[in-house]
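The block underneath contains the structure these notes are about, expressed in C-alpha cells.
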Amino acid sequence: MAKKAQIDLEKCKGCDMCIAVCPKAAIHKSGTSNKKGYDYIAINLDLCNGCGACYIICPDCCFTIVETAGSAR
C-alpha cells in the first residue's frame with residue numbers, strides 16, 4: 001500500500017507552509033477559496049509520496065496521511 005496526503009479544505013487557511021516543505025513539490029495553491037474565503041492548497045497525488053512533511057508543519061492540522069490502494073513503495 002502506498003501512502004498519500006489528504007487535506008481538510010475547510011480547515012486550510014492558505015498559509016503556504018506545506019508548499020515550502022514538500023520535497024516532491026506536490027502541493028500548490030488551488031486558486032479556489034473555501035467557505036471561509038481562504039485560497040486553499042491542492043495536492044498532486046501523482047507526485048505525493050506520503051512523507052508527512054505537510055502533516056508535521058501544518059499549524060491548523062489540515063492534513064492526514066492515508067494508505068491508498070496501489071503499488072507498494
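Taken together, the values in this text are just the output of simple stated rules run on the coordinates, not laboratory data. Since the structure is predicted, the reported quantities are computational estimates derived from the model, not experimental observations. Cβ coordinates were reconstructed from backbone atoms using ideal geometry, including for glycine residues, and neighbour counts include every protein chain displayed.
How about segment 1-27: which of its residues are part of a loop (DSSP other than H, G, I, E, B) and not acidic (Asp, Glu)? Even if it seems obvious, please write down each step before you answer.
Residues of segment 1-27 that are part of a loop (DSSP other than H, G, I, E, B), as a first pass: 1, 8-16, 22-26.
Those that are part of a loop (DSSP other than H, G, I, E, B) and not acidic (Asp, Glu): MET1, LEU9, LYS11, CYS12, LYS13, GLY14, CYS15, CYS22, PRO23, LYS24, ALA25, ALA26.
Taking segment 1-20 as the region of interest, how many residues are among the small types (Gly, Ala, Ser), under 10 Å from VAL66 (Cβ atoms) and over 10 Å from the mean Cα position of the chain (by Cα)?
Residues flagged as among the small types (Gly, Ala, Ser), under 10 Å from VAL66 (Cβ atoms) and over 10 Å from the mean Cα position of the chain (by Cα) within segment 1-20 amount to 1.
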